[in-house]
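Below: one structure, written as structure tokens.
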Amino acid sequence: MKRRSLFLNSSATLGFIFLYAPIIALIIYSFNASKLVTVWGGWSLKWYVSLFNNDQIIDAALLSVKIAFISATAAVVLGTMAGFALSRLGPFRGKMIFSGWVTAPLVMPEVITGLSLLLLFVAMEGMFGWPSGRGASTIIIAHVTFCMAYVAVIVQARLSSMDESLEEAAMDLGAKPLHLFFLVTLPLISPAIISGWLLAFTLSLDDLVIASFVSGPGNSTLPMVIFSKVRLGVSPEVNALATLMILIVAIGVGLGMWQLRRQEKLLAQPEN
Amino acid sequence: MSGKPPVQAGPTVAAVDAITQGLAKYNFFRRVSWGRLAVIAVPMLWLAVFFFVPFLVVFKISLAETAIAIPPYTALLEWVGDMEEAYVTLKLNLGNYLYLLDDVFYLDAYLSSIKIAGISTFCTLLVAFPIAYLMARSNGSTRALLLALVILPFWTSFLLRVYAWMGILKKNGLVNDILMGLGIVDEPLTMLQTDFAVYLGIVYTYLPFMVLPLYSALEKLDMTLLEAAEDLGSRPVTSFFLITLPLSLPGIVAGCLLVFIPAVGEFVIPALLGSPDTLMIGRVLWDEFFLNRDWPMASAVAIMMLIILVLPIMLIRNSQGKEESA
């Protein structure tokens, strides 16, 4: 037993080193004064300064956050409706097709989703004159479409693992459907909705392939700018940007975990 | 504190009442069936327009010819005629598909995508298993910490995680510096822009997708089975292959699908870490579209990809879902 757990511990430790070494290397190199990224030239913050003076990156970051915010919010509304329809509304005509369409974007390669939406937008522009040109609005439509699938799956999982007795009790006491949804169901599935929103936000913020297809000239999102910079090689500014993004995510995940544990503790307390 | 209800019912009820009364003016929300219809119809309509119809458009354009125009393809239906005689001509160009079948390049790209995704998925499984096993065997707080450590990279940018390897693998990068410093190699190794870098990139970026389903399968594993096996004289290796592995199979299958599916259509990893010769179908489609500006050919590649790669995956997933619910 002893020998096996030594093997287990060391291989798992190697796994965690593998997971974190590149991230740590990236963070250390972001403070490197040398322009030759991997040749150490002493500690420096100059890449952070040049990052904040880079209008192209700042503009792209603002555009990406705006798109991610709108897409995540719309995806949560549509995804919650879809998840609710799949788990609470019983059988209806076309349910098979509906559930197929809801989950298919999860297995669709990004290049196909991107290409197909671009060709749709071009065809629609030819036929109806809308959308005229491509930009933030077409990226948002594309992101809502693939993000709502993730939200729907999360909400559906939460709803089907949830006891229906609370909703039934409310109905027995005469709650109207809208009351029932907003006062009973929605508070109960709010953790799923929050994690769905966060996931949609991150997915949208991180998407390179789909946005590259459906965006127009002058509407580069942050991943598109990063990609065009790093395609040519390692860039110290991108290291600084990556460090900042990792920091934000680490704080966010930390706060989320803390909040989750606090809630669990509250729920674990006996009702008085 | 104890008298306070968990949900502040008062103002919320009032707000919902106001909304309901406002909506009640319109006949369609007064009846449940209309509300029900709306909840189904709105997302369904969205998916029909922005998910289903696009594939019909892709299929249509895959049958067109390239043209120097905006948009750069020919129309299938053409209206020919005057006041006396009028025709609608339909011209379908199967040339793109014939070319796909004829040129070995595309077949190679499909096969090579499957090969690269398959090998990387297996390597991911090898790296992920000890991590998931350790997590499942740890106690409460260690487990939560390890779980957070696995999930954290998943929330950071995918693009930046791939990029991080560029600085490590390049000629004067971290790995070569360490290897040369230790005197293990005399000349820097070429690691960036190789298939090896692509495998590494896939294993690295998709590791959390494999660890999480493995962990949830291993967590349910009944330890008394392993103890019983040990008592009966089974060696640890034997117990692993006869008990642990078969019982964690659902997690293995789920994790492998979660890694294989996105890996097979991957574009970013071969574009940043691979060599120009690293053939992956996602990259072929991208180049066909962005470099050659051949929209009909890109569409044909996409349709073939749907038939060869995506449809089988969806069928496997469906049969899996049925097995689980059965």
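Read the figures in this text as sums done on the coordinates, not as results from a lab. Here the structure is a predicted model, which is why all the values come from computation and not from measurement. Here the Cβ positions follow ideal geometry from the backbone for every residue, glycine too, while neighbour counts run over all protein chains shown.
Placing a label point 7 Å from the Cα of B:A48 along the Cα-to-Cβ direction, the residues of region A:96-121 with a backbone N closer than 13 Å are A:97-98.
About the centre of its Cα atoms, the protein assembly as shown shows a dipole size close to 1540 debye [charges on the beta carbon of Lys, Arg (+1) and Asp, Glu (-1) only; nearest 20 debye]. Each residue in A:K66, B:K170 was given a count of other beta-carbon atoms within 10 angstrom of its own, and listing them fewest first yields A:K66, B:K170. Comparing B:L258, A:G100, A:V153 along the charge dipole axis of the protein assembly as shown, the residue lying farthest to the positive side is A:V153, per the Cβ-charge model.
Hey, what number do you get for chain B at 222 nm if only DSSP H runs of n ≥ 4 count, each worth -39500 (n - 2.57), divided across all residues, to the nearest 500?
Helices in chain B give a 222 nm mean residue ellipticity of -21500 deg cm²/dmol.
Computed from the C-beta positions of A:R93 and B:L77 and an R0 of 35 Å, the FRET efficiency is 0.65 to the nearest 0.05. As a proxy for reagent exposure, ranking A:R93, A:R134 by other Cβ atoms within 10 Å from fewest up yields A:R93, A:R134. Could you work out the pair-distance distribution P(r) of region A:1-120 from its alpha-carbon pairs, with 10 angstrom bin width and percents rounded to whole numbers? Over region A:1-120, the share of Cα pairs per 10 Å bin runs 10, 17, 21, 22, 21, 8, 1 percent. Is the shape of region B:95-325 best called rounded, prolate or oblate, per the rule: a/c under 1.5 gives rounded, else a/b larger than b/c gives prolate, else oblate, with a ≥ b ≥ c the square roots of the Cα gyration tensor eigenvalues? In terms of gyration-tensor shape, oblate. As a rough footprinting exposure proxy, the listed residues B:T12, B:T224, A:T145 were ranked by other beta carbons within 10 Å of their own, and the order from fewest upward is B:T224, B:T12, A:T145.
In this calculation the C-beta distance from A:A250 to B:A67 is compared with R0 = 45 Å, giving a FRET efficiency of 0.35. Shielding value for B:276-285 is 2, the average number of Cβ atoms from other chains within 10 Å of each residue's Cβ. Given +1 at the Cβ of Lys and Arg, -1 at the Cβ of Asp and Glu and no other charges, the dipole of chain A around its Cα centre is 740 debye to the nearest 20. Per residue, the average separation of C-alpha pairs within less than 8 Å and at least 6 apart gives chain A a relative contact order of 30 percent. With both labels modelled 7 Å from their Cα along Cα-to-Cβ, the B:M180 to A:S132 distance reads 5.8 nm. Can you bin region B:38-126 into rounded, prolate or oblate? Criterion: square roots of the alpha carbon gyration tensor eigenvalues sorted a ≥ b ≥ c, rounded for a/c under 1.5, prolate for a/b above b/c, oblate for the rest. It comes out oblate by the Cα gyration axes. May I ask for the distance between the Cα centers of region A:98-173 and region B:273-299, given as a whole number of Å? So the two Cα centres are separated by 26 Å. If R0 equals 30 Å, the separation of the Cβ atoms of A:I58 and A:A175 corresponds to a calculated FRET efficiency of about 0.05. Averaging over all projection directions, the Cα-based convex hull of region B:205-326 occupies 10.4 nm² in the image plane. Membrane-span-like helices in chain A (whole DSSP H runs, Cα extent of at least 24 Å along the helix axis, mean Kyte-Doolittle hydropathy of at least 0.5): A:2-29, A:55-88, A:110-128, A:136-161, A:186-206, A:236-268. Need one value for B:124-133: mean number of C-beta atoms belonging to other chains within 10 Å of its residues' C-beta atoms. Average neighbour count from other chains, rounded to a whole number: 4. The 3J(HN,Hα) values that the Karplus relation (6.51, -1.76, 1.60; θ = phi - 60°) gives for region B:152-167 are, in residue order, 3, x, 4, 8, 7, 4, 4, 4, 6, 5, 5, 4, 3, 6, 4, x Hz. Gly and Pro appear as x. Its Cα gyration tensor gives the protein assembly as shown an equivalent ellipsoid, and the semi-axes of that ellipsoid, as √(5λ) in whole Å with the largest first, are 38, 37, 26. Set against the 2.2 N^0.38 Å expectation for a compact globular protein, region A:174-239 has a Cα radius of gyration ratio of 1.84. Mean sequence separation of contacting Cα pairs (under 8 Å, at least six apart), scaled by the length of region B:95-325, corresponds to a relative contact order of 28 percent.
The three principal axes of the Cα atoms in region A:60-268 give end-to-end lengths of 63, 48, 25 Å, sorted in falling order.
Put simply, the amide H of B:Y73, placed in the peptide plane, has neighbours under 5 Å in B:A67, leaving out anything fewer than 5 places away on its chain.
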